[in-house]
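Presented below is the structure to which this report refers.
The values are calculated or read from the model by the stated rules, or taken from the named source; none is laboratory data. Keep in mind the model is a prediction, meaning the values are calculated, not measured. Note: ideal-geometry Cβ built from the backbone for every residue, glycine included; neighbour counts use all protein chains shown. For accessibility, only protein heavy atoms count, side chains too; no ligands or nucleic acids. Shrake-Rupley method; radii C 1.70, N 1.55, O 1.52, S 1.80 Å.
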Amino acid sequence: MRRPIAAALLSVLALALPACGGSSSSSGPACPPAAASRTAVNGAVTVCAYDIRFDVKKIEATAGPVAITLINKGAIAHNLTIKAEDFVLSVPSRNKVATGTVTLKPGTYEYVCTISGHAQAGMKGQIVVS
């Protein structure tokens, strides 16, 4: 009688254990919740790229160095380009991450994905620096 119960318990455990353990490595780096606006904290901000959109349209920052992290959550390559500052972060595939720092003066800067057709489809936003 004990063997069938033990076998049943082992079967249940074998099925249940893969479901435990938190996030899998295929989910990649975490993105902040999507928002219309996001504020750089301590001079740093994270932007996630999806097919075909950024997860934020307006970033607020203070003048000076701003560290931008771009995470690709889409199936195709993306970039974040601030043309006025000759700044480009590129992420070639899903779950790839790029980080760079740009020094910004007060003003408004447009950022876009320059992959063909992406900005025209709405993959753009603004950084407002005070």
Of the residues in segment 72-91, those that are outside any strand (DSSP E or B) and β-branched (V, I, T) number 1
Could you list, in sequence order, the residues of segment 110-130 that are open to solvent by less than 30 Å² (accessible area, probe 1.4 Å) and more than 16 Å from D55 (Cα to Cα)?
V129
Among the listed residues T99, T103, T69, identify the single one that is closer than 22 Å to P33 by Cβ, assigned to a strand (DSSP E or B) and open to solvent by 80 Å² or more (accessible area, probe 1.4 Å).
T99
Does R94 qualify as being in a strand (DSSP E or B), modelled with pLDDT of 95 or more and among the charged types (D, E, K, R)?
no
